[in-house]
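The values are calculated or read from the model by the stated rules, or taken from the named source; none is laboratory data. Note that this is a predicted model, so its numbers are computed, not measured. So basically every Cβ, Gly included, is an ideal-geometry build from the backbone, and we count neighbours across all protein chains shown. For accessibility, only protein heavy atoms count, side chains too; no ligands or nucleic acids. Shrake-Rupley method; radii C 1.70, N 1.55, O 1.52, S 1.80 Å.
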Amino acid sequence: MRVAVTGAYGYSGRYMARRLLAQGHDVLTLTNSTRRSNPFGGQVKAHPFNFDNPELLEATLRDVDVLINNYWVRFDKPPLFTHTGAVRNAKVLFDAAKRAGVGRIVHISITNPDRGSDLPYFSGKAEMEEHLKSTGLSHCILRPTVLFGKEDILINNITWGLRYLPVFGIFGDGRYRLQPIHVDDLAEVAVLQAHERTNSTIDAVGPETFRYRDMVEMIAAAIGVRPHLVFLPPALAYQATRILGWFVDDVVITREEIRGLMEERLYVNSGPLGATKLSDWVRANRLRLGFKYTSEMDRRLDRGGRYPDGASRLSADGAGTPGPTHDTSTYDP
């Protein structure tokens, strides 16, 4: 098949492209980072999204059999990127795919999308799902929770906080649940679904369910530290992360992400799709995790450098509460 993968030079898109190439498929990528170092050499050609020129986007997608879409943004950062703009762009992409004759779309969404939510991450994802269904194209919607893997932001930065911060703040009581899935497990399912034709919506969760505080304690035990956990009201914890953000020059977490986590939007009552346990992965990677802070904004603003894998500017300073999100380092805004 000829498969287009959005963000194949980035996080989860890279794992998907690697699996597709191993199966002998022809792979291209749509990206805003056409100048970024290509990890696949000449095997994967980069094309710009051209959201502002739907005809060019349609031409890029002509003769493509399957589109695997990872496109999204983690938070609003006007004028650079917004959820509203990402939804608009995704609609342009889906419509161009239909006009180009793409046979199937595998779309990466999020657990518990909700058009009625006042959280733009989850309402925007729901709107994208609805528009994809309205095109009439064959599709699979995959709904992952937290992703983890070599290039991840979330687990690395939690580990960094546990290693270096004098206290580690927990939002509220920390008893809300989440179900992390390994990025390559998600990629495996996405590639499998590229071969299907039945319309489906699938929760993509890992084999372990954690209370957030238990996950933090598991990571601490794996790296051999005894953290001083502090349970904070969400508003106070958010202000602490803002102070940390000034030190690391990054958006550590947003109010909306804290709410989504505490509302258990990263938890579903579904069986596991992934096989890789976060606890096993953390123990296996304990000697490299969290020694340097990984910046979300570095990845968003540097469109030419090699995609980072667990390294950024700050190694030890700062204070605050590294916070969880669905790891949208996956996505290419």
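Give me a count of the residues in region 105-139 that are more than 17 Å from the chain's Cα centre (by Cα) and among the polar types (S, T, N, Q).
At the first step, the residues of region 105-139 found to be more than 17 Å from the chain's Cα centre (by Cα) are 105, 114-118, 127, 130-139.
Next, only the ones that are among the polar types (S, T, N, Q) stay: 117, 134-135, 138.
Matching residues across region 105-139 total 4.
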Filter result for the condition that a residue is touching a residue at least 40 places away in the same chain (Cβ under 8 Å), in contact with a Leu (Cβ under 7 Å, 6 or more places away or on another chain), under 27 Å from Ser134 (Cβ atoms) and of a type outside the set (A, V, I, L, M), over Phe94, Phe75
Phe94
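Please go through region 185-210 and pick out each residue that is among the hydrophobic types (A, V, I, L, M, F, W, C), open to solvent by 70 Å² or more (accessible area, probe 1.4 Å) and touching a strand residue (DSSP E or B) at 6+ places or on another chain (Cβ under 7 Å). Full working, then the answer.
Pass one, region 185-210, residues among the hydrophobic types (A, V, I, L, M, F, W, C): 186-187, 189-192, 194, 202, 204-205, 210.
Adding the requirement that they be open to solvent by 70 Å² or more (accessible area, probe 1.4 Å) leaves 192.
Listed by number, the list is empty, since nothing qualifies.
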Say we look at region 213-229 and pick out the residues that are touching a helix residue (DSSP H, G or I) at 6+ places or on another chain (Cβ under 6 Å) and part of a loop (DSSP other than H, G, I, E, B); which of these is farthest from Leu287 (Cα to Cα)?
Pro227
Tell me which of these Gln43 doesn't satisfy, since it passes every other one: (1) more than 30 Å from Arg259 (Cβ to Cβ); (2) open to solvent by less than 30 Å² (accessible area, probe 1.4 Å).
(2)
Can you pull out the residues in region 64-90 that are open to solvent by less than 10 Å² (accessible area, probe 1.4 Å), assigned to a strand (DSSP E or B) and not aliphatic (A, V, I, L, M)?
Asn69
When you scan region 12-36, how many residues do you find that are more than 20 Å from Leu93 (Cα to Cα), assigned to a loop (DSSP other than H, G, I, E, B) and out of contact with any Gly (no Cβ under 7 Å at 6 or more places or on another chain)?
3
Could you give every pair whose Cβ atoms fall below 8 Å, whose first residue belongs to region 31-47 and is under 16 Å from Tyr15 (Cα atoms) and in contact (Cβ under 8 Å) with a residue 60 or more places away in the chain, and whose second residue is among the aliphatic types (A, V, I, L, M) and crowded, with 16+ Cβ neighbours inside 10 Å, counting only separations of at least 6 or pairs across chains?
Thr31/Ala8; Thr31/Ala46
Determine which member of the set Arg288, Arg255 is over 26 Å from Ala187 (Cα atoms), open to solvent by 30 Å² or more (accessible area, probe 1.4 Å) and basic (Lys, Arg).
Arg255
